[in-house]
Amino acid sequence: MKVVYFILVLVFLAPLLAIGNISFTQTGLDQQGSSILQYLWTIFILVFFFISLFPPLAYRMQSFFITRDIRDKLMILEKFAFEAKSKTEKLLSDKGVKDAKQIVDSVSEFFTIEPVSIEPTDIIKRLSHVLRTGEDKVRKMIEMASPNIDSVSRSKIETALEITNALNLIYKVVRHYLILAEKLKNFYLLAQLQMVVPLIVRQAEAYAKAMDPFIKGKPVGDSIGPLIASRFLAKAERKWVVERDTIAGEVYFEGRKLIIVKAEGPSSTVGRPGIAIEKIVEENKGRVSRIITVDAALKLEGEQSGTIAEGVGAAIGDPGPEKIAIERVAANNQIPLDAIVIKMSYEEAIQEMKKEIYDAADKVVEYIKTIVKERTKEGDTIIIAGIGNSVGVAQ
């Protein structure tokens, strides 16, 4: 069958070569130049039909170039993972932690197994327990290695270890699928990997660039919620720790009592705002007029960073336990939920806060004051929660 196919190719190839010969003669090129172009044209046609005759060869050639492209991206991911480990080890060593490399290697391979979801009964309780256990384990590891470490430094190390863990996992997953595709000689798996790997590199690059701001204690885009809360807390008459790594404070405005909630700064932590809000509502016996949550939100391509949007619900990026705590206590006590978000890209959310995002803070403060005046009355109690990582943002 291939012999017949090859004869048919030659039959169709002859006219093409003849056309090429005529076209090059008509261009007016000298004999030497025309001959060179004819040779190139002939080689191109032969290669094209040879590849058509043997499709597996075409797949191999494409696989070679795709594999090389993916390996170039994999080297970038490996570089990000290596640099993250080096920076984290240095941070640990600077804080007097012994066996820094051993701790980094251990946490970079750390994983969390999600609870069984096929049986939804008490899944949130089980998920919360698993997440808290993971947090406690890493925190205990750091405290045992450096018993006298302060809470702010410890939180920076925790975040650096989380970033290192994420970058290490991303690198290993991409490497896994590349090696698997090569072993199976699967062209389509390689093609799919090539299509998604630029997005993966973009995400990994954002993580890598986020390392320095968190280590240096600078506010990031996701700190906009705590920053807005801190504007209210600056005038608080009373402040207290309402839940682990979470601060609350009372402010009076236009005859209303505002209870402000945020993660405890300037530590690198998101706190437990959902559990904190639940406790505050219960302490006030459900007599809360509104709950207003403020958080960063991912913008769509084409939207401007720092744009403010309002909606309803609990504005909090959480695996589940914190968000459902707000929703349940609000539903049980019929408390309206207002959500305000400040839009930004994924990269902006975890990197040093940009001016356009910072400038949105004062606008949101005034926006919240308008909501309080228009939707509540004197004597009401309103909870305002600034959701996000409080790195570099004090109370």
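Figure legend. Inter-residue proximity from segment 114-127: first residues in a helix (DSSP H, G or I), second residues of a type in the set (S, T, N, Q), beta-carbon distance below 8 Å, spacing 6+ or different chains. Indicated pairs: Ile123/Ser117.
Among the residues of segment 257-267, the one identified as out of contact with any strand residue (DSSP E or B) (no Cβ under 6 Å at 6 or more places or on another chain) and farther than 11 Å from Pro226 by Cα is Ser267. Taken together, the criteria place Lys85 among residues that are touching a Lys or Arg at 6+ places or on another chain (Cβ under 9 Å), at pLDDT 90 or above and closer than 30 Å to Phe214 by Cα.
Residues checked against (1) in contact with a strand residue (DSSP E or B) (Cβ under 8 Å, 6 or more places away or on another chain); (2) charged (D, E, K, R); (3) under 30 Å from Gly96 (Cα atoms):
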| residue | (1), (2), (3) |
| --- | --- |
| Pro147 | no, no, yes |
| Asp150 | no, yes, yes |
| Arg154 | no, yes, yes |
| Glu162 | no, yes, yes |
| Ile170 | no, no, yes |
| Val174 | no, no, no |
| Glu182 | no, yes, no |
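Of Ile324, Ile316, Ile275, Ile259, all but one fail to be among the β-branched types (Val, Ile, Thr), part of a loop (DSSP other than H, G, I, E, B), in the same structural domain as Thr376 (by TED's automatic domain parsing) and touching a residue at least 24 places away in the same chain (Cβ under 8 Å); the exception is Ile316.
Within the span defined as segment 375-387, one or more residues are outside any loop (DSSP other than H, G, I, E, B), in the same structural domain as Trp240 (by TED's automatic domain parsing) and of a type in the set (D, E, K, R). Filtering segment 232-254 to residues that are under 31 Å from the mean Cα position of the chain (by Cα), part of a strand (DSSP E or B), surrounded by 13 or more Cβ atoms within 10 Å (Cβ to Cβ) and of a type in the set (A, V, I, L, M, F, W, C) leaves Val242, Ile247, Ala248.
Being within 27 Å of the chain's Cα centre (by Cα), at pLDDT below 95 and exposed (fewer than 14 other Cβ atoms within 10 Å of the Cβ) narrows it down to one of Lys216, Lys183, so name that one. I'd like the intermediate steps shown before the answer.
On the way: Lys183 fails: within 27 Å of the chain's Cα centre (by Cα).
Just one listed residue meets the conditions, Lys216.
The values are calculated or read from the model by the stated rules, or taken from the named source; none is laboratory data. What you see is a predicted model; the values in this text were computed from it and never measured. All Cβ positions, glycine included, derive from the backbone under ideal geometry; neighbour counts span all protein chains shown.
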